[in-house]
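Right, one structure below, let's go through it.
The values are calculated or read from the model by the stated rules, or taken from the named source; none is laboratory data. All of these numbers come straight from a predicted model, not from anything done at the bench. Neighbour counts are summed over all protein chains in view; Cβ atoms, including those assigned to glycine, are modelled from backbone coordinates with ideal geometry. Please note that ligands, DNA and RNA were not included when accessible areas were found on the heavy atoms of the full protein model with its side chains. Shrake-Rupley method; radii C 1.70, N 1.55, O 1.52, S 1.80 Å.
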Amino acid sequence: MTNNILLENQYKRSSLFEKENVNYLVRILKRFNTVPKINNVNIITSTTEPTIFKIVPNKSIIIGTSFLDKPILALVYLRYGIEWQLWYKALNNEKEDITLCDIAALEVTRIFYNLLPKDDKEKLEDLDFLLINLIKRNLDKDSLPQHEELLSYHGLKTSSSIFKESWKPIIENLAKPTEYLLMSGGDLRLNIDEIQLLNKYGCRPFPRPDAFTFASSTASSVSNFAYDKTDKVRSILIRNSLKNGFQKTTIEFSELLKSNLRKNFKLSEECEIIFSPSGTDSALQIAAITQIISDKEITHILVASDETGSGVASALKGCHFENTTALDIPIKKGDRIEGFRDVNLIKIPFRDDKGALKSSSQLDQEVYDAVSKTNKLGRHVVLHTMDQSKLGYQSPTDNLIKKLNSLVSLSMQIIVDGSQLRLDPKDIQNYLSKGYIVTVTGSKFFTGPPYSGALFLPKSVSKVVQSIKNNLPEGLTQYYNHSDWPTSWFCSKELSEGFNYGSYMRWNAAIVEMSRYFKTPILYRNMGIEMFCNFVEDSINDANFLEPIYGDETKTKSYSSKEFGIRNIRTIFPFFILKNNEALSLEKVKKLYTLLNSDLSDQFEDSSIEIIRLAAQKCHIGQAVNVIYANKIESAVLRISLGARVISESWVNRDISLFFRNIELQMNQITITIKKIELILSHPELLN
């Protein structure tokens, strides 16, 4: 028995394995990476009844050859049938409520249809089929006549066609494909285009196994493993919501996610966790928390201001950083959010005006001067330190923090930007023990879907917030639900009711990745990291058309340890791209990044098969970061990065020799990625 759509019971059905049927089914089933896996349901093809589409509850889906010779049509119908079966199983003994199955399956299939590539939709435009027509009519789920038409698919009669009130939140939150949930509850940057199905970060909210992925410093497409686990969670949540109620089920799910996150990083229960739709939202949460715990005027000192998210500075000032919020409420970027008071913001970038990287001592001095001056003014200091920026830097040093703590009457809260999460559990524990707030994401090193933001708050800060009777700024009702914040806090009681399922599902996928990464034995994990990172560094150095920017800089460390630590070695490798010994312009770097992540085989039709294969390979690496080259040229660097999956996907069947061979296979993908950069450079017309 497999854990997928079962076909093995059909070996005796000779019609299934006729050449034509096999070809049909292969074309359809290989696109099943976004279709739920459901046990004990057979797909049965019918040549004797070519127009049949029949759902046999809990048993099978029968589909005729008139559907199969139109693979996109068959895919839509099978998506409907499998979703119907999923909800039918979730009903348990309440089988008279099958109207729910019709409504939910149609709603999910409608969204599934809308997410199809443009070319696929065009193939369905002129077809006259009941399900396609219902999708196009876009009828409201509360209008039930269309569901009477759908009865023909399963032949079951319902005792009632009333839409139950208790179904409403379940349908609204969970009658959505998993890939749709993974791109919801964020902002417009998660939307995918209708041709390549890629978002702004060059990745998808569903698996993309055909691409080589070393983009963890920016964002990654969700893995097959994490997607399947999250899809399974959706099924469990549907079942539990129908049995125990939607609100109870959702709160328990949110708390389970936090518990599993604590478990992965070995954090105590006293560490509060606040999920957020993005790292920038985490900055807004910090701005809000700071405002309610300090009556003093506030100054945020933002270290690495040139390597944080573009909206962080606005968020810290209490301003809108996009034109829509994660709750899909339209706002105006740059406007002050209601309830926030004026604050001061001091930016300390890693690079000077000429684009040169500052030394660690220079950065320390700038931080000390900013804190000292602010302290003399009697203001409350919020110092945002950086532990692994998007180019792999850290600042300030541990010695500088000790020096700051000697200042008289200092009122200061330290925030550690650990958004890349290139940290070991001991690093997080160390920061929290010192009373620092740590911002993390599950979408960088751990390769969960973007966005997955969170704050880790130490016991000392949580106790202060819990004791305060001030409310969070009123405007945050546009951003967060009450359920996003700790239930014991008074300050968040006026926030919106509801749940951000997109955020929860992204965090579920990220935590799945964390769990399997930490299951790899630490010795092999660390050896694998060293092996892979040494190879990437050597490969970039050996390519005369790439120029690394990590050669001579001092990596400032705020936590010293003689033990192996992922934060103490380089795992992000940024480089300039050279043509005739000159760095490419900013626009050409961005163009090359897009070409690298695309199938270019149509541009090389007259070339050798090796070149065509190289051109066809999609290679997704970290997107362009603007950096001035040689103090004069406006250029940008791209990045190859270690992600947790390099390790976790190599550790298979507890086989050590296989583990290192698997890492070598991923090292070979690095070689191919660099060769494709060279191929693009050798055809400069592609960059114009």
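Within region 431-444, does at least one residue satisfy the condition of being open to solvent by less than 20 Å² (accessible area, probe 1.4 Å), more than 27 Å from His320 (Cα to Cα) and either touching a Leu at 6+ places or on another chain (Cβ under 6 Å) or hydroxyl-bearing (Ser, Thr, Tyr) (or both)?
Restricting attention to region 431-444, the residues satisfying the condition of being open to solvent by less than 20 Å² (accessible area, probe 1.4 Å) are 431, 435, 437-443.
Applying the additional criterion that residues be more than 27 Å from His320 (Cα to Cα) yields 431, 435.
Keeping just the survivors that are either touching a Leu at 6+ places or on another chain (Cβ under 6 Å) or hydroxyl-bearing (Ser, Thr, Tyr) (or both) gives 431.
The answer is yes, given that some residue of region 431-444 is open to solvent by less than 20 Å² (accessible area, probe 1.4 Å), more than 27 Å from His320 (Cα to Cα) and either touching a Leu at 6+ places or on another chain (Cβ under 6 Å) or hydroxyl-bearing (Ser, Thr, Tyr) (or both).
Here the condition is being in contact with a helix residue (DSSP H, G or I) (Cβ under 9 Å, 6 or more places away or on another chain), farther than 19 Å from Ala454 by Cα and surrounded by 20 or more Cβ atoms within 10 Å (Cβ to Cβ); of Val312, Val303, it holds for Val303 alone. Under the condition of being more than 30 Å from Gly311 (Cβ to Cβ), open to solvent by 20 Å² or more (accessible area, probe 1.4 Å), touching a helix residue (DSSP H, G or I) at 6+ places or on another chain (Cβ under 7 Å) and touching a residue at least 40 places away in the same chain (Cβ under 8 Å), the residues counted in region 229-244 number 4. Could you tell me whether any residue of region 356-367 is surrounded by 18 or more Cβ atoms within 10 Å (Cβ to Cβ), out of contact with any strand residue (DSSP E or B) (no Cβ under 7 Å at 6 or more places or on another chain) and within 27 Å of Glu272 (Cα to Cα)? Looking through region 356-367, none of the residues is surrounded by 18 or more Cβ atoms within 10 Å (Cβ to Cβ), out of contact with any strand residue (DSSP E or B) (no Cβ under 7 Å at 6 or more places or on another chain) and within 27 Å of Glu272 (Cα to Cα).
Filtering region 527-560 to residues that are among the polar types (S, T, N, Q), at pLDDT below 95 and either within 22 Å of Ala219 (Cα to Cα) or open to solvent by 10 Å² or more (accessible area, probe 1.4 Å) (or both) leaves Thr554, Ser558, Ser560.
Of all residues in region 606-626 being open to solvent by 10 Å² or more (accessible area, probe 1.4 Å) and in a strand (DSSP E or B), which is nearest to Arg208 (Cα to Cα)? Filtering first and then ranking leaves Lys618.
Of everything in region 210-223 that is open to solvent by 10 Å² or more (accessible area, probe 1.4 Å) and β-branched (Val, Ile, Thr), the residue that is farthest from Asp599 (Cα to Cα) is Thr218. Once region 173-209 is narrowed to residues that are modelled with pLDDT under 95 and either of a type in the set (Asp, Glu) or part of a strand (DSSP E or B) (or both), the residue that is least open to solvent (accessible area, probe 1.4 Å) is Asp187.
Just checking, does region 221-241 include any residue being on the phi > 0 side of the Ramachandran plot and not in a helix (DSSP H, G or I)? Taking every residue of region 221-241 in turn, none turns out to be on the phi > 0 side of the Ramachandran plot and not in a helix (DSSP H, G or I).
In region 474-490, the residues that are closer than 17 Å to Ala454 by Cα form Cβ pairs under 6 Å with partners that are of a type in the set (Asp, Glu), at six or more places apart or across chains, as follows: Pro486/Glu272. When Phe275, Phe321 are checked against the criterion of being aromatic (Phe, Trp, Tyr) and farther than 28 Å from Gln429 by Cα, Phe321 stands alone in meeting it.
Glu338 passes every criterion in (1) in a loop (DSSP other than H, G, I, E, B); (2) without any contact (Cβ under 8 Å) to a residue 60 or more places away in the chain; (3) among the acidic types (Asp, Glu) apart from (2). The single residue among Ala283, Ala288, Ala226 that is touching a strand residue (DSSP E or B) at 6+ places or on another chain (Cβ under 9 Å) and crowded, with 18+ Cβ neighbours inside 10 Å turns out to be Ala283.
Is it the case that region 633-644 has a residue that's surrounded by fewer than 19 Cβ atoms within 10 Å (Cβ to Cβ) and of a type outside the set (S, T, N, Q)? Yes: one or more hits.
The sole residue among Asp398, Asp424, Asp417 that is closer than 30 Å to Ile640 by Cβ, surrounded by fewer than 15 Cβ atoms within 10 Å (Cβ to Cβ) and among the charged types (D, E, K, R) is Asp398.
A Cβ distance below 7 Å, combined with a sequence gap of six or more or placement on separate chains, defines the contacts here; from region 257-270, residues that are open to solvent by less than 40 Å² (accessible area, probe 1.4 Å) reach residues that are of a type in the set (Gly, Ala, Ser) in the pairs Asn264/Ser515.
When Ile656, Ile680 are checked against the criterion of being more than 27 Å from the chain's Cα centre (by Cα), surrounded by fewer than 16 Cβ atoms within 10 Å (Cβ to Cβ) and in contact (Cβ under 8 Å) with a residue 12 or more places away in the chain, Ile656 stands alone in meeting it.
Answer yes if at least one residue in region 471-493 is open to solvent by 10 Å² or more (accessible area, probe 1.4 Å), closer than 26 Å to Lys266 by Cβ and at pLDDT 95 or above, and no otherwise. So far as region 471-493 goes, no, none of its residues is open to solvent by 10 Å² or more (accessible area, probe 1.4 Å), closer than 26 Å to Lys266 by Cβ and at pLDDT 95 or above.
For region 353-360, the condition holds for at least one residue, the condition being that it is under 29 Å from Pro396 (Cα atoms) and of a type in the set (Ser, Thr, Tyr). Is it fair to say Asp342 is out of contact with any helix residue (DSSP H, G or I) (no Cβ under 7 Å at 6 or more places or on another chain) and closer than 18 Å to Leu476 by Cβ? Against the criterion (out of contact with any helix residue (DSSP H, G or I) (no Cβ under 7 Å at 6 or more places or on another chain) and closer than 18 Å to Leu476 by Cβ), Asp342 qualifies.
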